[in-house]
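Let me begin by presenting the structure, written as structure tokens, before commenting on it.
The values are calculated or read from the model by the stated rules, or taken from the named source; none is laboratory data. Keep in mind it's a predicted model, so treat the numbers as computed, not measured. Every residue, glycine as well, gets a Cβ built from its backbone with ideal geometry; the counts of neighbours run over all protein chains shown. Remember, those area values only see protein heavy atoms, side chains included, never the ligands or the DNA or RNA. Shrake-Rupley method; radii C 1.70, N 1.55, O 1.52, S 1.80 Å.
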Amino acid sequence: MAPKVVIIGNGISGITCARHLRKLSNYDITVISAESKYFFSRTALMYIYMGHMKEEHTRPYENHFWEQNRIGLLQKKVATVHPHENYILLESGEQIRYDYLVLATGSRSNKFGWPGQDLKGVQGLYNLQDLETMEQYTSGIKHAAVVGGGLIGIETVEMLLSRNIHVHFLVRENSFWNLVMPPDESEMINKLIYHHQVDLRLGTELKEIKSDKEGRATAILTSKGDTIDCSFVALTVGVSPNIDFVKNSGIHTDRGIIVDDYLQTNFKNIFAIGDCAQFKTPLPGRKPIEQVWYTGKIQGETAARNIVGLEKKYNPGHWFNSAKFFDLEYQTYGLVPAQKDESTDWFWWQDKKGEKGLRLVWEKNTKIFKGLNAMGIRLRHEVCNQWLNNNTTIDIVVKELSKANFDPEFFKGYEKEFQRSFEVKYQYITV
Amino acid sequence: MHPDINLSIASHSATSSLNIKMKTGLALVSLSLILLFLALFNQIQHPFLLIIFFISTVAGSLLYTNGLYANTTAGIKNNGVMFKSISSRGAIAWVLGVALTALYILLYWYPQLLGLHDKANTGLIGFFDPVSKLLNGHAASQWFVYGVLYTLAIILLGIKFIYKYRHNAYQVKRTISVMFFQLVIAFLIPEILGGLNMPYNDFKNMWPLNYYFFYDWHIDQLLGSGSFGMFVLVWGILSVVLISPVLTYFYGKRWYCSWVCGCGGLAETAGDSFRHLSSKKVSAWRIERVLIYSVLFFAVLMTALVIYQYFTKQSQVLFLDSFKVREWYGFYIGAAFSGVIGVGFYPILGSRVWCRFGCPMAAILGIQQRFFSRFRITTNGSQCISCGNCSTYCEMGIDVRWYAQRGQDIVRSSCVGCGVCSAVCPRGVLKLENGPIKTKKLEGPILYQDGEFKIVE
């Protein structure tokens, strides 16, 4: 009989693992999720709320795909894992035996013990159920607060604005996302937020959420002593691995489920992938917990290979990512530090209207290209990756810039302007 | 929560609120509609009211567009698309669909009810007589009235589309192009030619979309019109055998379908609010292939019979009667499919039903695009987050995401190259390209592994 693989979690990591297992083997595959029967794209939650799509549009595969590919789907909540006995227990009381177990349970929204954090109308934004409560608690309201200046935070702001709700946006840092982004990029986004008439409060934290008699949020109190009336509070201060149900099972955990380079836990037949996995030894330049779409994909595939015995280490390649802040697209390839250190140099260019920006980063001594941030510009992943793989020097990157242009046809080129201003500042490099 | 429950609420007051400009605009457009109705029921026939009609239509539409977009930032504007009645198959959509369908039925089969008469037009058609006389010296026909309304729709809703996509140079240029081809090439030039007693000819309308090109009366008319007629005949044939294949090789079928064609022009402008209604199911793709190639076969067969009949004067071939086949094609394909279903069902089935399931021209261009063209939509490495905006807003029902999430180039015969998938992508993943095809990735999914892009399978 074919070995039985049980995957807990039907996000991008778990589903990618299931798909690759099916490609590589005839194993019996079951995916369990309490959130939804069918895989949907979590990154598209905001578009459902904004009315760009319906929930069914966010499903990357038609419903018949799973049966066709003999991937079993089970919408149940897992209560406990029993790694020594090789079974899991569902909340419904059912036991499911497995030969291999893959934990892909994703994250949960952080809450840092604020008074009032469990009131009605106070929530994070991570899953379908969050979207449902957000729909319920923002219906007809005039004011909302968003606490936490990360990607989910700014997306939540955009969502609320789409319903004409006035948003008060509390950001702990002195400039939006400046722990990740250099000051110029961060400032571009600050300006956008103000432009959209958001009440952006930088350097401000949440102290307390106040409520009415029915236990519904009515106002927040900030670290600066201000009280802001609002009927909805989104807590978007990051996410943490969703691993409570394995904590006493014998599977080693820290913040996440501890895995080695093969995504294997301390049990040989149990793997952890995606947001819930924490690397014992993180790869150089990367975090121990990676909460990004494409790393989830690569981890899912890597785990699938290891389960069928095609030994493979996790190797995500060069860092890259992308996001969209209101109408401003952002892409990054390679490593761009938020603050320049001694060994690196960088060059930032921005167009006159302030709609486009490009930062190149290189190693001071060797002039080897290290990474870039593109704002309002689309760049070709393959070309940027090649520059990084080949240790290309910065002068070549500047010269070859248009090779990486991925903007739609007829878009105004920026390369010449960039090259001219680069040469003015760094003649020694280009001549 | 049950996953099949649709999360969207019927409507949101916030996303559908109308400002004063929009309200005034809608009032003016309503006035125009009332004038048309009064004309239809023979209550008014006056050039002055016709001028009022044009002014209120244009002013109302521009005012509405301005009110809708003036206070927005340049960028994607799909907020509330799934909530609004008109764009989510709500009551307004059904009313509009029924009205459009009724209009097409009257146009094709009951033009006399619109006021078409041999002696003197009355009703709606009579209302437009003054414009027709001004342009070509004759009284209006139902097709003249249709042409006026069609052109107005493309121009005014084209302006709306340009405003909506003002941040995107590709969309702006493409829309100016369809507006130009409709106004000048499809409407003004043929009308002026008619006024000069030359054969009515829309130079961009090619066989087999223009299925009567090889009909005996059309050929005779061209041959009887001296050197101009000869030019039209040669141009028509050259378009099919030379111009179109060459352009399609370099640019894909988009050069025609979303830059030039009148049906495409209406779909891209007036139909923009309905583009997401196309079905993305694999089953719909299957139906698409059966239907569109059947229509192509039908068109080719009919034309072959017509040409055979022209030269041999024999209308009977085996069991087929050339005149009957021609009649069937005109009724089922020319009228019922392309008109009644193609446009009438915009608010229910999406804006490209004819282009996707029926158009024989699109079928030919599609075969060329699939096998003999440089055009493809490339996907940007591993940046795709499978959100689904591309697939949702593909008017041709292509599941763009299927390819994007596996890093594969999109080369589909149905793609009209409207570029909206690329525009709505929040991660900069899609790009329409027609450079040399050394980078064309059709072999299989590309995966980003170990820091390299590898073709798998």
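Pick from the stretch A:121-140 the residues that are of a type in the set (Val, Ile, Thr) and either part of a helix (DSSP H, G or I) or within 8 Å of another protein chain (Cβ to nearest Cβ) (or both): which of them is farthest from residue A:50 (Cα to Cα)?
Here the answer is A:133.
Pick out the one residue from B:74, B:102 that is more than 14 Å from chain A (Cβ to nearest Cβ) and of a type in the set (Gly, Ala, Ser).
B:102
Which residue is nearest to the other protein chains (Cβ to nearest Cβ), if the candidates are limited to the stretch A:356-372 and must be surrounded by fewer than 16 Cβ atoms within 10 Å (Cβ to Cβ) and among the charged types (D, E, K, R)?
Selected residue: A:363.
Table: residues versus (1) open to solvent by less than 20 Å² (accessible area, probe 1.4 Å); (2) at pLDDT below 95; (3) closer than 30 Å to residue A:349 by Cβ.
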site	(1), (2), (3)
A:104	yes, no, no
A:119	no, no, no
A:136	no, no, no
A:158	no, no, yes
A:165	yes, no, no
A:172	no, no, yes
A:176	yes, no, yes
A:189	yes, no, yes
A:219	yes, no, no
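From A:263, A:192, A:221, A:200, which residue is touching a residue at least 40 places away in the same chain (Cβ under 8 Å) and outside the structural domain of residue A:44 (by TED's automatic domain parsing)?
A:192
Could you check, for the stretch B:356-366, whether at least one of its residues is surrounded by 23 or more Cβ atoms within 10 Å (Cβ to Cβ), out of contact with any Pro (no Cβ under 8 Å at 6 or more places or on another chain) and within 12 Å of chain A (Cβ to nearest Cβ)?
no
Looking at the stretch A:155-166, I want the residues that are more than 7 Å from chain B (Cβ to nearest Cβ) and have a partner that is among the aromatic types (Phe, Trp, Tyr) with Cβ atoms under 8 Å, at least 6 apart or on another chain. Which pairs are those?
Cβ pairs passing all conditions: A:157/A:169; A:158/A:326; A:159/A:49; A:160/A:232; A:165/A:232.
Looking at the structure I just gave you, is residue B:115 on the phi > 0 side of the Ramachandran plot and away from chain A (no Cβ under 14 Å)?
yes
Of all residues being among the small types (Gly, Ala, Ser) and in a helix (DSSP H, G or I) in the stretch B:398-438, which is nearest to the other protein chains (Cβ to nearest Cβ)? Just the residue, please. Spell out how you get there, then give the answer.
So in the stretch B:398-438, the residues among the small types (Gly, Ala, Ser) come out as B:404, B:407, B:413-414, B:417, B:419, B:422-423, B:428, B:435.
Next, only the ones that are in a helix (DSSP H, G or I) stay: B:404, B:422-423.
Working: B:404: 10, B:422: 5, B:423: 7 Å.
That would be B:422.
Answer yes if at least one residue in the stretch A:300-314 is under 16 Å from the mean Cα position of the chain (by Cα), modelled with pLDDT of 95 or more, under 27 Å from residue B:407 (Cβ atoms) and in the same structural domain as residue A:259 (by TED's automatic domain parsing), and no otherwise.
Yes, some residue in the stretch A:300-314 is under 16 Å from the mean Cα position of the chain (by Cα), modelled with pLDDT of 95 or more, under 27 Å from residue B:407 (Cβ atoms) and in the same structural domain as residue A:259 (by TED's automatic domain parsing).
Could you identify the single residue in A:84, A:143 that is in the same structural domain as residue A:213 (by TED's automatic domain parsing) and open to solvent by 10 Å² or more (accessible area, probe 1.4 Å)?
A:143
Quick check on the stretch B:295-309: of everything there that is open to solvent by 40 Å² or more (accessible area, probe 1.4 Å) and in contact (Cβ under 8 Å) with a residue 12 or more places away in the chain, which residue is farthest from residue B:220 (Cα to Cα)?
Per the stated criteria, the residue is B:298.
Can you name the helices (runs of 4 or more DSSP H) wholly within the stretch A:1-113 that have at least 1 residues being more than 10 Å from every other protein chain (Cβ to nearest Cβ)?
Hits in the stretch A:1-113: A:12-24, A:64-68.
Look through the stretch B:368-397, keep the residues that are away from chain A (no Cβ under 14 Å) and open to solvent by less than 10 Å² (accessible area, probe 1.4 Å), and return whichever of them is nearest to residue B:451 (Cα to Cα).
Result: B:373.
Please indicate, with yes or no, whether at least one residue in the stretch B:402-424 is at pLDDT below 95, under 30 Å from the mean Cα position of the chain (by Cα), open to solvent by 10 Å² or more (accessible area, probe 1.4 Å) and aliphatic (A, V, I, L, M).
Yes: one or more hits.
In the stretch B:191-215, what count of residues is obtained for those that are crowded, with 17+ Cβ neighbours inside 10 Å, farther than 17 Å from residue B:334 by Cα and of a type in the set (S, T, N, Q)?
1
Do we find that residue A:149 is open to solvent by less than 40 Å² (accessible area, probe 1.4 Å), more than 14 Å from every other protein chain (Cβ to nearest Cβ), assigned to a loop (DSSP other than H, G, I, E, B) and touching a strand residue (DSSP E or B) at 6+ places or on another chain (Cβ under 8 Å) in this structure? Let's see the steps before the verdict.
Values: open to solvent by less than 40 Å² (accessible area, probe 1.4 Å): yes; more than 14 Å from every other protein chain (Cβ to nearest Cβ): yes; assigned to a loop (DSSP other than H, G, I, E, B): yes; touching a strand residue (DSSP E or B) at 6+ places or on another chain (Cβ under 8 Å): yes.
Considered against the rule, which asks whether it is open to solvent by less than 40 Å² (accessible area, probe 1.4 Å), more than 14 Å from every other protein chain (Cβ to nearest Cβ), assigned to a loop (DSSP other than H, G, I, E, B) and touching a strand residue (DSSP E or B) at 6+ places or on another chain (Cβ under 8 Å), residue A:149 comes out as yes.
Return yes or no: is residue A:421 assigned to a helix (DSSP H, G or I), under 27 Å from residue A:327 (Cα atoms), in contact with a helix residue (DSSP H, G or I) (Cβ under 6 Å, 6 or more places away or on another chain) and away from every other protein chain (no Cβ under 11 Å)?
no
Only one of B:222, B:183, B:188 is open to solvent by less than 20 Å² (accessible area, probe 1.4 Å) and not in a loop (DSSP other than H, G, I, E, B). Can you tell me which?
Details: B:183 fails: open to solvent by less than 20 Å² (accessible area, probe 1.4 Å); B:188 fails: open to solvent by less than 20 Å² (accessible area, probe 1.4 Å).
Exactly one of B:222, B:183, B:188 is open to solvent by less than 20 Å² (accessible area, probe 1.4 Å) and not in a loop (DSSP other than H, G, I, E, B), namely B:222.
For residue B:450, are the conditions met, namely being within 21 Å of residue A:20 (Cβ to Cβ), at pLDDT below 95 and acidic (Asp, Glu)?
Spelling it out, residue B:450 is indeed within 21 Å of residue A:20 (Cβ to Cβ), at pLDDT below 95 and acidic (Asp, Glu).
Could you check the stretch A:351-372 and list, in sequence order, the residues that are free of Cβ contacts under 8 Å to residues at least 24 places away in the same chain and part of a strand (DSSP E or B)?
Once the filter is applied, which keeps residues that are free of Cβ contacts under 8 Å to residues at least 24 places away in the same chain and part of a strand (DSSP E or B), the stretch A:351-372 yields only A:363.
For the stretch A:373-402, enumerate the residues that are within 11 Å of another protein chain (Cβ to nearest Cβ), part of a helix (DSSP H, G or I) and open to solvent by 40 Å² or more (accessible area, probe 1.4 Å).
Within the stretch A:373-402, A:382, A:386, A:389 qualify.
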